Amino acid sequence: MDKTSAKGRLREYRLVVRNEFRYIFRDAGVLLILFGAVLIYSTLYALAYHPEVLRNVPIAVVDESRSPSSREFARKLDAAPNLRVAYKPTSLEEAKQMFLRREVNGIVYLPKEFEKNILGNEKAYIGVYADASYFLMYKQVFMDIVAVMMDSNEAIEMKRFQLAGVPGVQAQAVSDPVRATSRSVFNPYGGYGTFVMPAILVLIIQQTLLIGIGMMGGTWRELGLYRTLILPGRKYLAALPVVLGKSTVYFLVSLLTLLYVFGFHYKAFGYPMNGRFLAVAGFLLPYLLSVIFLGLTLSSVFKRRENSILILLFTSIPLLMISGVSVPMETMPAWLYNLGKIFPSSAGINGFLRIQTMGASLAEVKPEFVTLWILTGVYFLTACIGIRTMAQEGLRPLPNPLAEAALYEGEPLPDADGNVIPTGNNSGTERESLSETSRTMPDRIP
Amino acid sequence: MTFVKAVLRVMRRELKLFAGFRTFSTLSVGLPLVALLYFVVLIDKGVPEDMPVAVVDRDNTELSRQLTRMIDATPAARVAYHLSDMQEGEKLMREGKIDAIVDIPRDLEKDVFGNKQANVVAYINGTNVTKNGILDRDIRTTLYTFSSGIEIQLLVKKGISEKEAYDMMMPIYYEKHILFNPYTNYAYYLLPIFLPMMLLIFTLLTTIFTIGTELRNATAPYWLAAGNGNIFAAFLGKVLPYTFIFTILSIFIDVLMFKIIGVPMRGHKGMLLASDLLFVMAYQSIGVFIITLVGNMRLGLSVGGGYSVLAFTFSGMTFPLIAMYPAVQAASRIFPLTYYMELFIDQAMRGAPAGQSVDDLLYIAVFILLPLPLLHRLKRLCSDAKYWGKL
């Protein structure tokens, strides 16, 4: 490469950077996606999940025993952290009606013989009706009722064993020889926001970048910028200044986003920040790069600026799921989980959660770290190829969006790209003036 | 020209557009089908099984090995590592290789048979609340069973007969009646929310796109003209073909859920079908409302897209609504999905009386009225060239 062309490419790079910034800040749609979406989504989701845990779920206790033992049991249920005995209906039927009316989320039925069974050396049956239509609710109601029951059992057993002649001190050990303690680590209270928000934030960064870059790609194509900004040349290197220029811009934009996410959001909502700065930064570097290069690759496929949102918007939930951090990977077919690794979000979310929530080092997330660098390399190449293809296509006349208008006047159908320029003559002047509008559009971008 | 004829003419024009440009069919048929089938494949097994856990066995006796085998035998867990200290376990957890560590104390055997209570601690990764819940349940149940087994042996040693011991133990026992999702299958929680979620995203985007594209391409006056200048006819002719497509998709979702996946259907079929139709119409109406209000496709898609994705969180299907702040609960009312899910759970899963769901149906229907006050503005958008051709 001779000196002048190297200089030319540097100038081209600077031109691309300037241009990209200018168009981003003139474009309300792109600004809304790149900056607004991160702000709005992160705040709204975080507010929704901020209570973190579900406390005092209302349940009904049907007490047919009406005895000190049954009342004591109901009191214990009410005292359980996640339960609240909201009603004491007189019949199971009544309780079920309350359930259907959504007044309670679970029912405990204590039969007539409850106390008699407990005081005699018999087994007392209780009926537990737990609502399994909401997963979290079911888990909590059921686990709490079982815990209360276990607790009562231990106390009753101790009394029974003592009566049977087991010495007092031993009776306690015998009633529960192996005590089970279960601790939730990294998220002691099982908080829902703490669980899901870090993953959502990492995903939002990817999705807003992909859609935003895609929108700008569509803009470039519609305005013919590929044609004007790429130096002629058949080598793949021809696309390099554009790829690097655009990447620089989006990298800087995502740094701003990260500053907000970690500088404000994370602290305001109190999510665990156990990662060391260098580990977090070192891991996010290939994440951002792979996302940006994937975005540039996709952007070269989008013919119109709206296509990126139309095609990418729905992928947010599927991508969150395929990463295996919400729906456990054990529920999905292995091939699907592995296929998901072609998206930066899969390795990105998994590695990030382990660093930031669990305090892992970069070495401990090595598979994810390596995956992200491989994706960075692959998508860099595809971005160069895609953008170069665009540049060559840009030399051909751009599809005229108004060609679509032909359809409405009974003229021949354009092809799927809308590539046919209408030949009709009945409204030629009107079309001419509208074409004029579309040609001056660059200046009219808000 | 009568009103009906005008509507039919707009519909014919819409069908021509649908046949002429791939974007329309991709957006309303192709991508929705891909998304729906994706979720059906994703939640294939329904229940997570054999999640890797580590056991730190400091006791290393027949008893501790028995406990390890019992943990390995649970559906949720599989003992992937046998370790000698906790540090190793913590590292494996940070590396994402295990989801839990069970710490068996030294002298487990000696203590329990010496009438001293032993303590087994399970450290379960809380980073994933779902996995945590399932592992917690299975490991705790195993430990209770293990403890009860020892309890009987101890009582027998104290000269109490096995039968007597059994009668004394577990004085209170429960019979579990799981209401409305008897298999606690994961697919039954997730598909009923994921599938309508995909449907609503595409319904909303398609509606904004079909109207927005007329503005962007400056073809809106032809659209209005096809409706004989009557904006209501133009509006109906444009949305009705898609009402048809998305309602068919909605029924396809029902078929997937009830016939293929086997989600229970206990309630009133008519109510469910009515909610399917109204749900589609509600999101179409919101689409018309948004695009008419912002008057340009790009911003319309950004706003509509943002609004559509939010519905997931606010439906309360994952983190329940009753746990959210009152203001957030109030905000959840601006998403038809919230009512739709309420109706779905009441009718399909719980088999509530039909009357119970009438109010949900009415709330969804309210959204259908949204475009009406804006039709006047929509007509202006179609007639005034200053709204056209925006990128």
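A few remarks follow.
- Qualifying residue in the range B:119-134 (condition: part of a helix (DSSP H, G or I) and more than 7 Å from chain A (Cβ to nearest Cβ)): yes
- In the range B:21-29 there is no residue matching the filter, namely being part of a loop (DSSP other than H, G, I, E, B), over 28 Å from the mean Cα position of the chain (by Cα) and outside the structural domain of residue B:243 (by TED's automatic domain parsing).
- Output for the range B:304-326, where each listed residue is within 8 Å of another protein chain (Cβ to nearest Cβ) and free of Cβ contacts under 8 Å to residues at least 40 places away in the same chain: B:306, B:310, B:313, B:314, B:316, B:319, B:320, B:322, B:323, B:324, B:325
- In the range A:93-105 there is no residue matching the filter, namely being crowded, with 16+ Cβ neighbours inside 10 Å, modelled with pLDDT under 90, polar (S, T, N, Q) and in a loop (DSSP other than H, G, I, E, B).
- Residue that is in contact with a helix residue (DSSP H, G or I) (Cβ under 6 Å, 6 or more places away or on another chain), facing chain B (nearest Cβ under 7 Å) and of a type outside the set (Val, Ile, Thr), where the choices are A:132, A:171: A:132
- For the range A:338-354, the condition holds for at least one residue, the condition being that it is out of contact with any Leu (no Cβ under 9 Å at 6 or more places or on another chain), free of Cβ contacts under 8 Å to residues at least 60 places away in the same chain, more than 9 Å from chain B (Cβ to nearest Cβ) and farther than 15 Å from residue A:209 by Cβ.
- Here the condition is being assigned to a helix (DSSP H, G or I), over 16 Å from residue A:221 (Cα atoms), at pLDDT below 95 and within 9 Å of chain B (Cβ to nearest Cβ); of A:404, A:364, it holds for A:404 alone.
- Beta carbons closer than 8 Å, at least 6 apart along the sequence or on distinct chains, pair a first residue in the range A:278-293 that is closer than 15 Å to residue A:361 by Cα with a second that is aromatic (Phe, Trp, Tyr) and buried (at least 23 other Cβ atoms within 10 Å of the Cβ) for A:280/A:352; A:283/A:352; A:284/A:352.
- Residues (in contact (Cβ under 8 Å) with a residue 24 or more places away in the chain, aliphatic (A, V, I, L, M) and either assigned to a strand (DSSP E or B) or more than 7 Å from every other protein chain (Cβ to nearest Cβ) (or both)) located in the range B:144-179: B:179
- All of B:76, B:54 fail the test of being in contact with a Gly (Cβ under 8 Å, 6 or more places away or on another chain), crowded, with 20+ Cβ neighbours inside 10 Å and either assigned by TED's automatic domain parsing to the domain that holds residue B:127 or of a type outside the set (Ser, Thr, Tyr) (or both), apart from B:54.
- Filtering the range A:77-92 to residues that are over 21 Å from residue B:321 (Cα atoms) and assigned to a loop (DSSP other than H, G, I, E, B) leaves A:88, A:89, A:90, A:91.
- The set of residues in the range A:123-142 being free of Cβ contacts under 8 Å to residues at least 12 places away in the same chain and part of a helix (DSSP H, G or I) consists of A:135, A:138, A:139.
- Test: residue B:151 is surrounded by fewer than 16 Cβ atoms within 10 Å (Cβ to Cβ) and not assigned by TED's automatic domain parsing to the domain that holds residue B:265: no
- Extreme residue, farthest from the other protein chains (Cβ to nearest Cβ), among residues of the range A:305-333 that are assigned to a loop (DSSP other than H, G, I, E, B) and in contact with a Leu (Cβ under 9 Å, 6 or more places away or on another chain): A:323
- Selection status of residue B:102, surrounded by fewer than 23 Cβ atoms within 10 Å (Cβ to Cβ) and not in a helix (DSSP H, G or I): no
- Hey, residue A:66 without any contact (Cβ under 8 Å) to a residue 24 or more places away in the chain and in a loop (DSSP other than H, G, I, E, B) or not: yes
- Considering the conditions (1) within 30 Å of residue A:271 (Cβ to Cβ); (2) in contact with a strand residue (DSSP E or B) (Cβ under 9 Å, 6 or more places away or on another chain), residue B:137 is excluded by exactly one of them, (2).
The values are calculated or read from the model by the stated rules, or taken from the named source; none is laboratory data. Because the structure is a prediction, the values reported are computed rather than measured. Positions of Cβ are generated from backbone atoms using ideal geometry, with glycine treated the same way; all protein chains shown enter the neighbour counts.
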